[in-house]
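Read the figures in this text as sums done on the coordinates, not as results from a lab. None of these values were measured; they are calculated from a predicted model. Cβ: placed from backbone, ideal geometry, glycine included. Neighbour counts: every protein chain shown.
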Amino acid sequence: MPNRTIFVTGASQGVGEAVARHFSVAGDSNIVLVARDSVRLNRVARELQDKGCETLAVQADLSNVEDCRRAVKEAETKFGSIDVICNCAGLTLRGDIFNTTVDTFDSLFAVNVRASFFVIQTALPGMIAAKRGGVVINISSMLSYGGPSFLLPYAATKAALNVITKNVANTVKFERIRVHAINLGWTDTPAEHETQTKVHGLPEDWATSEGKKQPFGRLLKADDPAKLCVFLASDNAAMMTGCVIDQEQWVAGTLS
């Protein structure tokens with residue numbers, strides 16, 4: 001499926017960057033990269049251009065709804081309608097029922113829920129008008145099942161994102177637009193590395209040591225959800241929609 005336009009938020013590093021790279025390897029030539037960090041974003045864009053992709057880097061603060069809408073409109077201006085949306089941007093701020101501030105709560109919902117909602121809302125009319133179908137993939141979390149006490153508002157955002165996923169999938173099914181979410185397990189990314197070392201005080205090799213404790217012997221890497229995104233957006237997953245997929249080595253709802 002060449003010449004599709006792939007729209008990726010959080011594309012300057014981590015899962016978003018990996019998603020963009022894997023779609024480019026799969027043969028998708030139009031890649032829209034959206035993130036707040038313009039330096040990292042432009043680096044990824046240049047590297048993909050060097051590999052033959054046509055890229056558009058959109059610096060945007062996704063906590064701002066107008067930036068979400070602008071990013072979609074810039075993509076449509078350059079490439080026409082969007083074929084695949086991957087909402088990978090997210091915050092993982094800490095907070096429990098006792099100490100979560102209003103600012104923390106609002107920041108998490110603004111980026112993790114509202115941004116994805118209005119990106120999808122803005123892009124869907126063009127996707128429907130193009131009559132090519134399409135795919136939306138939201139990066140959610142295993143913590144949507146409840147999560148630890150210190151990640152309450154974060155977990156709540158991912159639960160909300162999963163409800164949006166299923167509702168939108170049902171809404172656009174006859175337009176042949178497929179909508180999925182990935183409940184991502186513990187993943188080694190630059191943002192997670194910063195959190196574990198600076199917030200929780202773990203050593204630099206935390207990912208290796210913690211990975212050895214996992215059933216499959218390692219933490220997830222950004223490439224894992226990226227490969228799943230490429231699959232979900234391919235013809236191999238043509239008869240799937242509304243799926244919330246646990247990409248995790250621990251089984252939800254069971255006890256060790």
Handout entry: Nitroxide proxy distance, nm - points 7 Å out along Cα→Cβ at SER234 and GLU194
Key = 3.3 nm
Handout entry: Kirkwood estimate for segment 1-57, i.e. one over the average of 1/r between Cα atoms, Å
Key = 10.6 Å
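Considering only Cα-Cα distances, which of the following residue pairs are longer than 31 Å: LYS73/LYS173; LYS51/LYS198; LYS51/LYS158; LYS131/LYS166; LYS51/LYS131?
LYS51/LYS198; LYS51/LYS158
Tell me, what is a quarter of the convex hull surface for the C-alpha atoms of segment 84-208, in nm² with one decimal?
Working: hull surface 33.6 nm².
It is 8.4 nm².
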Fill in the blank from the handout: P(r) of segment 116-155 over all Cα-Cα pairs, 5 Å bins starting at 0, rounded to whole percent, reads 6, 19, 19, 14, 12, 11, 10, 7, 2
Handout entry: Dipole moment magnitude, nearest 20 debye, the chain about Cα centre, only Lys, Arg, Asp, Glu C-beta charged
Key = 600 debye
Completion exercise
Across PHE216, PHE231, PHE79, the residue with the highest GNM fluctuation in the chain (Cα network, 10 Å cutoff) is PHE216
Exercise for the section: Sticking with the crude label model, points 7 Å out along Cα→Cβ, report the distance from GLN49 to ASP96 in nm, one decimal please. Expected result: 4.9 nm
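So what is the calculated 222 nm ellipticity per residue for the chain, using -39500 (n - 2.57) for each DSSP H run with n of 4 or more, over all residues, to the nearest 500 deg cm²/dmol? Please list the in-between numbers first.
Working: 9 runs with 105 residues, N = 256.
It lands at -12500 deg cm²/dmol.
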Completion exercise
With bins of 5 Å, the percent of all Cα-Cα pairs of segment 63-124 per bin from 0 is 4, 18, 25, 19, 13, 9, 7, 4, 2, 0
Handout entry: Overall Cα dimensions of the chain - principal axes, largest extent first, Å
Key = 47, 39, 37
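Return the Rg/Rh ratio of segment 1-117 with Cα-based radii and a Kirkwood Rh. Let's see the in-between values first.
Working: Rg = 14.9 Å, Rh = 14.5 Å.
Ratio value, two decimals: 1.03.
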Completion exercise
On each of the three principal axes the extent of the alpha-carbon atoms of segment 147-256, given in whole Å and largest first, is 50, 29, 29
Completion exercise
To the nearest 10 degrees, the tilt of helix 65-79 (Cα long axis) against the first principal axis of the alpha carbons of the chain is 40 degrees
Fill in the blank from the handout: Taking every other residue with Cβ under 14 Å from the Cβ of LEU202 and scoring Lys and Arg +1, Asp and Glu -1, one gets -3
